[in-house]
Amino acid sequence: MEFGIGNISDKVVLLVWNNGNSPSCVQDTVAKLKEHIGEGGRLLLEHVERLQLADYEEGTFDVVLSGLVSPICLSHHVDLLAEFARILKPSGLLIMREPVVEHGTIAGLRSNKKLSSVLKLSGLVNVTVNSHHTSLTDDERSSIKNGLKVNNVFIEDSAASHFSVIEIQANKPSYEVGASTTLSFAKTVGPTVNKDSAAIWTLSANDVLDEDIETVDPDSLLSEEDLSRPDPASLQWDCGVSKSGKRRACKNCTCGLAEELAGGATTNKPASSACGSVSSSPTATDYNCYVFL
């Protein structure tokens, strides 16, 4: 399978190999990578089991390549991916290849989705699939199977046709783990405000508690005329005045003006009941009404 690593010219690159890779394949891969890197870059080679023992500093490499040496037989565990994220520079690139299965897990091999999730849990971002090699030859499948066996991953012959090879790339975030920055608490300059307008339309709690503020006595809001008792005649409601200036009663007048205009003051009519009339000074005999049950 050809390289899909893009532009790594003048980069500091780390190539990771494992026990399943033959020495000749390692040498061929190194030679091809040097052509891509050029004289301005730098290539380092490290065995996967000695990577953490090498104790590289954080942010050492621009690019980390893993699983690119044939046969592709390295299964990347979480701790290994976390170490890749640690030694990569901020926004550094990881390109890796790994045998995967279509669904679930077979003999330690993971699915495409499961591998992407592990990469994200390791602290990497922008996880994308570069290529998915499903049409492997019998020789490639056999070499991958033998390489996995060296790494203690055993695949039954019946399951040998169910795996493929995937190439994934991911980036380290644009910051280091534990990075910090200084927070600025300086006051920001806001828009220009007319001080006179602000004094008119703003009122804070401090303004209310200020002893120097001038307040209005509520008793001075009422005049002597407001406190005097009004004339009852002025409270009489007038139904209305006609165009000629004469008083006139409204329709359905209830204030007594209609009766006054009709012929004088109203008279109190004696109360009546269903049993007959009742005098102005009724007695018990005036209410001789009976109820029959």
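Values for this structure:
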{"item": "All positions within region 22-31 that are assigned to a helix (DSSP H, G or I) and either open to solvent by less than 50 Å² (accessible area, probe 1.4 Å) or more than 23 Å from LYS145 (Cα to Cα) (or both)", "result": "CYS25, VAL26, THR29, VAL30, ALA31"}
{"item": "Cβ-Cβ under 9 Å pairs, at least 6 apart or on other chains, region 175-186 side within 25 Å of ARG86 (Cα to Cα), far side open to solvent by 100 Å² or more (accessible area, probe 1.4 Å) and among the acidic types (Asp, Glu)", "result": "GLU176/GLU58; VAL177/GLU58"}
{"item": "Sole exception among (1) open to solvent by less than 70 Å² (accessible area, probe 1.4 Å); (2) modelled with pLDDT under 90; (3) touching an Asp or Glu at 6+ places or on another chain (Cβ under 9 Å) for LEU136, by number", "result": "(3)"}
{"item": "Tally of residues being assigned to a helix (DSSP H, G or I) and either surrounded by fewer than 18 Cβ atoms within 10 Å (Cβ to Cβ) or hydroxyl-bearing (Ser, Thr, Tyr) (or both) across region 50-85", "result": "7"}
{"item": "Selected residue (criterion: nearest to ASN19 (Cα to Cα)) from residues of region 32-49 that are open to solvent by 40 Å² or more (accessible area, probe 1.4 Å) and of a type in the set (D, E, K, R)", "result": "GLU49"}
{"item": "Close pairs (7 angstrom Cβ cut-off, 6 or more residues apart or separate chains): assigned to a loop (DSSP other than H, G, I, E, B) in region 247-274, among the aromatic types (Phe, Trp, Tyr) and modelled with pLDDT of 55 or more anywhere", "result": "CYS255/TRP237"}
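The values are calculated or read from the model by the stated rules, or taken from the named source; none is laboratory data. All values reported here derive from a predicted model rather than from experimental measurement. Backbone-built Cβ (ideal geometry, glycine too); neighbour counts: all protein chains shown. Heavy atoms of the whole protein, side chains included, go into the accessibility calculation; ligands, DNA and RNA do not. Shrake-Rupley method; radii C 1.70, N 1.55, O 1.52, S 1.80 Å.
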